[in-house]
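Encoded as structure tokens, the structure appears first; notes follow it.
The values are calculated or read from the model by the stated rules, or taken from the named source; none is laboratory data. Bear in mind that the values here come from a model prediction, so they are computed numbers and not experimental data. As a convention, Cβ positions derive from the backbone with ideal geometry for all residues, glycine included, and neighbour counts pool all protein chains shown.
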Amino acid sequence: MQVSREGLPVSRGIRWWVAFGVSFCAAIARGDVFHLSGGLVSVEFVRVGDAGNPADAATGTGAVAYAYDIGRYEVTIGQYAEFLNAVAADDTYGMYHAFMGSHENIKGIIRDGSPGTYHYSLTGSPNRPIAYATWGDAARFCNWLQNGQPSGAQNAGTTEDGSYFLNGANTNSSLTTIPRKAGARFVLPTTDEWYKAAYYDPTPGAGGGDSYWGYPVRSDAVPFSAMPPGSAAPIASRAANFRRDDQLANGFNDGFAVTGTPVYSAGVNYLTDVGAYASAASYYGAFDMAGGVAEWTEGVLASVIREFRGGSWNGTEFSFRATVRGGDGPALPSLEVGFRVVDLSASLPCALIGDVSGDGAVNGADVAGFVRVQLGAPSAGEREKYAEYGTGS
């Protein structure tokens, strides 16, 4: 017998509704979350299928029993600014950090005003990845998506609950212990979810025959450091924004990808637009999982250390090898760390969310309400009811 989240039996009479609801929900998951204008890249997702894949024999990582969607790109400066303008007029929990607007290597968001009237504007390309966001900031961004991108103070309805129950948590110790909530839709990737999206390739013979590549550009060979789109490198599909110097004047592997020199400059912005390396995607179509900015996951490396993956503009190829994990305190921002989002709609039993209609059974009325909400034609109060189940966005 199938049961709902409340333990109620699921009516057999809604099997066709179930099939429709699940496929409908999966289709929605692949659409944009934001619909941004003015040249801003929207949050887009790519499907990571092949449910039940084996783990990488070399690391024991990457097995995922369900299908899910992962961000095609890292969360961008433009998207993060939209988030701040929606919920950070007071910025109660410090989701804006001064270096986001002042550090030449990564800046992109300027804050003006005073507490209660803060406003956030863009400087430079808005389509570069956000950097200097903590794990807590990233979790709050996920909560905001889970809650339907509302505007208002930072509270349980905006940033403090949703996919993660944060409730003001803002220290390394408190943020390390917060789990993903059951039924969450928008989340940070687990170690396995990130790893599979980056390295797994079910194509026969891929990764030397073990279905896992050594680098997240579908290659076991060391990638090339080069300006995007990577056309100066011998193989553009293996180019990325990181630091590699072969000490040859050949137009690639000359140090930092953006400047083509091994000499660091305090006055250079080293971030490139997401997807700028247009040929260098993972098997599933996720870009920039090598270099750019490293990305927070839900992984925990130690008592007060959260994991990040993927290397950065200032890292070497070592930092995004499949065998390497990075990490830091989840309350600590870094010039080299950002994040991307996972959408779990494909794995959630959308049509079986529970007795939302309140008639004492899980049946077609619950699924029909879900469909009305997703089509933008809910009955009175219906959107709010479904939002409680994480399906009202």
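Would you pick out the residues in region 92-119 that are outside any loop (DSSP other than H, G, I, E, B) and either touching a strand residue (DSSP E or B) at 6+ places or on another chain (Cβ under 8 Å) or aromatic (Phe, Trp, Tyr) (or both)? Break it down stepwise before answering.
Initially, region 92-119 is screened for residues outside any loop (DSSP other than H, G, I, E, B), giving 99-102, 109-112, 119.
Hits for region 92-119 are PHE99, MET100, GLY101, ILE109, ILE110, ARG111, ASP112, HIS119.
Please find, among TYR164, TYR195, the residue that is not hydrophobic (A, V, I, L, M, F, W, C) and not in a loop (DSSP other than H, G, I, E, B).
Being not hydrophobic (A, V, I, L, M, F, W, C) and not in a loop (DSSP other than H, G, I, E, B) holds for just one of TYR164, TYR195, which is TYR195.
Could you pull out the residue among GLU298, GLU307 that is modelled with pLDDT of 90 or more, within 21 Å of ASN143 (Cα to Cα) and touching a Pro at 6+ places or on another chain (Cβ under 9 Å)? Break it down stepwise before answering.
Working: GLU307 fails: touching a Pro at 6+ places or on another chain (Cβ under 9 Å).
After applying the criteria, what remains is GLU298.
Each row is one residue, and each column tells you yes or no for (1) buried (at least 18 other Cβ atoms within 10 Å of the Cβ); (2) in contact with a strand residue (DSSP E or B) (Cβ under 9 Å, 6 or more places away or on another chain); (3) acidic (Asp, Glu).
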| residue | (1), (2), (3) |
| --- | --- |
| PHE141 | yes, yes, no |
| PRO150 | no, no, no |
| ALA156 | no, no, no |
| GLU160 | yes, no, yes |
| PHE186 | yes, yes, no |
| LYS196 | yes, yes, no |
| SER211 | yes, yes, no |
| GLY214 | yes, no, no |
(1) surrounded by fewer than 19 Cβ atoms within 10 Å (Cβ to Cβ); (2) touching a strand residue (DSSP E or B) at 6+ places or on another chain (Cβ under 9 Å); (3) part of a loop (DSSP other than H, G, I, E, B) all hold for PHE252 apart from (1)
Looking at region 92-110 only, could you name the residues that are among the small types (Gly, Ala, Ser) and in contact with a Gly (Cβ under 7 Å, 6 or more places away or on another chain)?
GLY108
Check ALA58, ALA65, ALA89, ALA131 and return the single one that is touching a residue at least 40 places away in the same chain (Cβ under 8 Å), surrounded by fewer than 16 Cβ atoms within 10 Å (Cβ to Cβ) and in a loop (DSSP other than H, G, I, E, B).
ALA58
I'd like to check something: does region 261-271 contain any residue that is free of Cβ contacts under 8 Å to residues at least 60 places away in the same chain and either closer than 19 Å to VAL222 by Cβ or assigned to a strand (DSSP E or B) (or both)?
yes
Flag if GLY376 is surrounded by fewer than 23 Cβ atoms within 10 Å (Cβ to Cβ), in contact with a helix residue (DSSP H, G or I) (Cβ under 7 Å, 6 or more places away or on another chain) and modelled with pLDDT under 95:
no
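So, GLY230, is that one modelled with pLDDT of 95 or more, at positive phi and touching a Ser or Thr at 6+ places or on another chain (Cβ under 7 Å) or not?
Values: modelled with pLDDT of 95 or more: yes; at positive phi: yes; touching a Ser or Thr at 6+ places or on another chain (Cβ under 7 Å): yes.
When the stated conditions are applied, GLY230 passes them.
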Counted residues, region 261-278 - those being of a type outside the set (Asp, Glu) and under 20 Å from PHE45 (Cβ atoms)
5
If you go through region 167-179, how many residues are touching a residue at least 40 places away in the same chain (Cβ under 8 Å), part of a loop (DSSP other than H, G, I, E, B) and surrounded by 17 or more Cβ atoms within 10 Å (Cβ to Cβ)?
1
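Strands (runs of 3 or more DSSP E) wholly in region 280-349 with at least 3 residues that are of a type in the set (S, T, N, Q) - which ones? Lay out the reasoning, then the answer.
Working: elements: 294-302, 305-309, 326-328.
Fully inside region 280-349 and qualifying: nothing.
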Does ARG128 count as among the basic types (Lys, Arg) and farther than 30 Å from VAL263 by Cα?
no
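Among what's in region 36-48 and is in contact with a Phe, Trp or Tyr (Cβ under 8 Å, 6 or more places away or on another chain) and assigned to a loop (DSSP other than H, G, I, E, B), pick the residue that is modelled with the highest pLDDT.
Step one: list which residues in region 36-48 are in contact with a Phe, Trp or Tyr (Cβ under 8 Å, 6 or more places away or on another chain), which gives 40-44, 46-48.
Okay, now just the ones that are also assigned to a loop (DSSP other than H, G, I, E, B), so 40-44.
Working: LEU40: 68, VAL41: 66, SER42: 74, VAL43: 85, GLU44: 90.
Ranking the qualifying residues of region 36-48, first place goes to GLU44.
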Consider region 292-317. How many of its residues are within 28 Å of PRO202 (Cβ to Cβ) and free of Cβ contacts under 8 Å to residues at least 60 places away in the same chain?
2
